[in-house]
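The structure appears right after this line, and notes come after that.
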Amino acid sequence: MIRVLIADDHNVFVEGIESLISGSSDIEVAQRCYNVSSVVESLAETPIDVVLLDISFPQIDDGLSLCEQISHNHPTTKVIALTMHDDASLIKRMVKKGAKGYLLKNTTKNELLQAIQTVHREKQYFNEAITHILLNDEPRSRKAMAGAGLRPNLTPRETEVLTLIAQGLTTQQMANQLFVSAKAVEFHRSSLLMKFGVPNTALLIKTAMEMQCID
């Protein structure tokens, strides 16, 4: 059973999210928190698998700081941002603070459940809408790097994984082709995301093509 903590300062919204989750065979709401201190206390006392965190909790800086704190102090607890903010810079800031997923508050029940299950499996979750926002955002630093011909320093194995990702292979297919474990492939994928400064595979491929790291 995946144990979820909902962190939002609006009671009605918390109740709404709980009603969406209720009835799921593998997900349960273990805690409901309406302020930062209660989240910290709950995580110290109760094992939680996934936190659904409103960025504005009650201020954006509070939500960002709390996300970072959770990621640092409770590394097995995954954070999904659940917010009304669709700004690309905020999405990236949350990812840098440790968020494994990002959803807007108009999400559907199926999407919410899928996000929870995905991050619980140690993967990131960004739906089509969030990926579109990120793909259409062009940070000056990344554009400047591409324009100057600067490329991340990749190991030979990272280069192989990047090429296979661009070819659309799954993690297991890459593992089979490279004769390594799926866990090793995921490690290299995470390293690539960090080196290119992007939050997901779609942006990784786009940025790598812009920097002419792949054809």
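Residues of region 178-214 being of a type in the set (Val, Ile, Thr) and either open to solvent by 50 Å² or more (accessible area, probe 1.4 Å) or more than 17 Å from LEU134 (Cβ to Cβ) (or both), which ones? Those that are of a type in the set (Val, Ile, Thr) and either open to solvent by 50 Å² or more (accessible area, probe 1.4 Å) or more than 17 Å from LEU134 (Cβ to Cβ) (or both): VAL180, VAL185, ILE214. Taking the stated definitions as given, is LEU5 in contact (Cβ under 8 Å) with a residue 40 or more places away in the chain and either touching a strand residue (DSSP E or B) at 6+ places or on another chain (Cβ under 9 Å) or surrounded by fewer than 18 Cβ atoms within 10 Å (Cβ to Cβ) (or both)? For LEU5, the condition - in contact (Cβ under 8 Å) with a residue 40 or more places away in the chain and either touching a strand residue (DSSP E or B) at 6+ places or on another chain (Cβ under 9 Å) or surrounded by fewer than 18 Cβ atoms within 10 Å (Cβ to Cβ) (or both) - is met. Selection of strands (runs of 3 or more DSSP E) fully inside region 44-104 by the criterion of at least 3 residues being farther than 17 Å from ASN127 by Cα and open to solvent by 30 Å² or more (accessible area, probe 1.4 Å) returns nothing.
Out of all the residues in region 156-215, which are closer than 24 Å to GLY98 by Cβ and either part of a loop (DSSP other than H, G, I, E, B) or basic (Lys, Arg) (or both)? Listed by number, the residues that qualify are LYS183, ARG189, LYS195, GLY197, VAL198, PRO199, ASN200, LYS206.
Can you tell me which residue within region 8-25, out of those that are part of a loop (DSSP other than H, G, I, E, B) and either open to solvent by less than 50 Å² (accessible area, probe 1.4 Å) or aliphatic (A, V, I, L, M) (or both), is modelled with the lowest pLDDT? Per the criteria, the residue is SER24.
The values are calculated or read from the model by the stated rules, or taken from the named source; none is laboratory data. Quick caveat, the model's predicted, so the values are computed rather than measured. So basically every Cβ, Gly included, is an ideal-geometry build from the backbone, and we count neighbours across all protein chains shown. Remember, those area values only see protein heavy atoms, side chains included, never the ligands or the DNA or RNA. Shrake-Rupley method; radii C 1.70, N 1.55, O 1.52, S 1.80 Å.
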